[in-house]
Amino acid sequence: HADTAMYQAKEAGRDNLKFFESRMNEEARERLYLESGIRRALDRREFILHYQPQVDVRSGRVVGAEALVRWNHPDKGLLMPGTFIPAAERSGLVVPLGKQVFRSACIQQVRWHEAGWQDLDVSINISALQFERPDFLGFIREILLETGTDPTHLKLELTESALMELSEELVDRLRTIRDLGLTLSLDDFGTGYSSLSYLKRLPITQIKLDRSFVMDLPDDPEDAAIAETAINMAGNLGLDVIAEGVETEAQKEFLLERGCHYMQGFLFHRPAPAEALMILQELD
Ligand code: C2E
Ligand code: MG
Ligand code: MG
Ligand code: MG
């Protein structure tokens, strides 16, 4: 009956392989389907922006708004970036998508500024792929000119992983962006492995403490230590620090007591369409 066992194992192997192949095809099909959906959505202008206020907790004022993309899908309703950004990254479609986002956020900044909200900063998430394209600087210049955006109230958020091990040319590109007047924020700080000496070389003005370290404050001693270290480090390097994903009073108090007074999170405001932010404007 050793033969029988062998035969059964072989059959099982074949079935597994078949199963595996059909799963692969299914995944490949789904991926292609999603990609062609994104391509069509770009043509049909189905991507829209919500904005999440960034608050200076000392004064309670809204100092910034982060543009967060959503897909206004004709059948499925409003889709969050987690459902399509990975596919957009994989296919390179994040480049044209990022261009639409950038342009639309600039137009919105001009609207807010024209409505009298002149000190509001608008933050835009930039994917590594987009930033590394040779035409990135040219594109920024072109859109600034076309839309009349005030570059000094425009902030680009790049993730720590996107900024890791940059070539000298790309570090220069960051400097040029800064020289245009824009500011640079290091998004998802703490999730990568950048060293202090490396960070010091980058022309950034802000680090954004990742939500994963904020979530379990103040009780988790490791996250408490990480948050505190990040805040101190930012201070020592002369950088601003903003905490993302602040949901509770206890988290807010912990961060505030340690010198982090810029925050973003559901405790203050959820991301919302641009019109909903207008009422948050406070005039002097
Ligand atoms: P991110 O840049 O780290 O953005 C913060 C995310 O945390 C947003 O999710 C926001 O809605 C969410 N968030 C804010 N406050 C809270 C809170 O208190 N609690 C919880 N649980 N979540 C909070 P969202 O909008 O789903 O975006 C996810 C990610 O997608 C963003 O992370 C960013 O990496 C990416 N993304 C969004 N828009 C764009 C874009 O236009 N271009 C690119 N390349 N990526 C984008
Ligand atoms: Mg961000
Ligand atoms: Mg972030
Ligand atoms: Mg994050």
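Points worth noting:
- Cα extents for segment 205-266 along the principal axes, largest to smallest and rounded to whole angstrom: 27, 23, 19.
- GLN118 versus GLU247: modelled label distance in nm, points set 7 Å from Cα along the beta carbon direction: 4.0 nm
- Global geometry of segment 70-122, whether rounded, prolate or oblate, following the gyration tensor of its Cα atoms and the 1.5 cut on a/c: prolate
- Over all orientations, the chain has a Cα convex hull whose mean projected area works out to 20.6 square nanometres.
- Scanning residues 5 or more positions from LEU182 or on other chains, none has an amide H under 5 Å from its amide H, with H placed 1.01 Å from N in the peptide plane.
- Residue by residue, segment 273-280 carries 3J(HN,Hα) couplings of x, 3, 4, 5, 7, 3, 5, 8 Hz when phi is fed to the Karplus relation 6.51 cos²θ - 1.76 cosθ + 1.60 (θ = phi - 60°); x denotes Gly or Pro.
- Neighbour count of at most 11 Cβ within 10 Å plus DSSP loop: longest GluC sites (Glu not before Pro)-free window in the chain: 1-164
- Think of the chain as having a plus end and a minus end, set by charges on the Cβ of Lys, Arg, Asp and Glu; of PHE189, SER104, PRO218, SER104 sits farthest toward the positive end of this dipole.
- Placing unit charges on the Cβ atoms only, positive for Lys and Arg and negative for Asp and Glu, gives the chain a dipole magnitude near 940 debye about its Cα centre.
- Cα principal axis extents for segment 1-125, largest first, Å: 84, 38, 24
- Neighbour-count ranking [beta-carbon atoms within 10 angstrom, fewest first] of PHE102, PHE266, PHE131: PHE266, PHE131, PHE102
- Segment 120-180: radius of gyration over Cα atoms, expressed as a fraction of 2.2 N^0.38 Å: 1.11
- With a cut-off of 12 Å between beta carbons, the residues surrounding ASP187 carry a summed charge of -3, where Lys and Arg count +1 and Asp and Glu -1.
- Taken about its Cα centre, segment 100-242 carries a charge dipole of about 540 debye when Lys and Arg each add +1 at the Cβ and Asp and Glu each add -1 at the Cβ.
- Footprinting exposure proxy for SER194, SER167 (fewest neighbouring C-beta atoms within 10 Å first): SER167, SER194
- Nearest-0.05 FRET efficiency for ARG90 and LEU180, computed from C-beta distance (R0 30 Å): 0.50
- In this structure the amide hydrogen of ALA162, modeled in the peptide plane, comes within under 5 Å of no amide hydrogen from residues 5 or more places off or on another chain.
- Segment 110-127 - phi-based ³J(HN,Hα) in whole Hz, Karplus 6.51/-1.76/1.60, Gly and Pro as x: 4, 4, 4, 5, 5, 7, x, 8, 7, 9, 7, 8, 10, 9, 10, 7, 10, 7
- Computed per residue of the chain from DSSP H runs no shorter than four, each worth -39500 (n - 2.57), the mean residue ellipticity at 222 nm is -15500 deg cm²/dmol.
- Of the residues PHE131, PRO86, LEU120, the one whose Cα sits farthest toward the positive end of the charge dipole of segment 84-139, with +1 on the Cβ of Lys and Arg and -1 on the Cβ of Asp and Glu, is PRO86.
- Fewest-first ranking of TRP71, TRP117, using other Cβ atoms within 10 Å as the exposure measure: TRP117, TRP71
- Cα gyration tensor, segment 84-154 - rounded (a/c under 1.5), prolate or oblate: prolate
- Chain lengthening between TYR7 and VAL171 when straightened (0.36 nm per residue, less Cα-Cα): 53.0 nm
- Interchain or long-range residues, amide H under 5 Å from GLU157's placed H: ILE124, ASN125, ILE126, SER185
- Dipole magnitude (debye, nearest 20) for segment 1-131, charges at Cβ of Lys, Arg, Asp, Glu: 300 debye
- If R0 is 30 Å, the Cβ-Cβ spacing of ARG103 and ALA224 corresponds to a FRET efficiency of close to 0.15.
- Oblate is the label for segment 159-284, because the ratio a/c of its alpha-carbon gyration tensor axes (a ≥ b ≥ c) is 1.5 or higher and a/b is not greater than b/c.
- Hydrodynamic radius of segment 81-201 per Kirkwood, over alpha carbon pairs, in Å: 15.2 Å
- Each of LEU154, PHE268, GLN281 was placed along the dipole of segment 143-284 (beta-carbon charges, centred on the mean Cα), and the one lying farthest toward the positive end is LEU154.
The numbers here are math on the coordinates, done by the rules we state, and not lab data. This structure is a prediction, so every number in the text was calculated from the model and none was measured. Quick reminder, even Gly has a Cβ in these numbers, built from the backbone with ideal geometry, and neighbours come from all protein chains shown.
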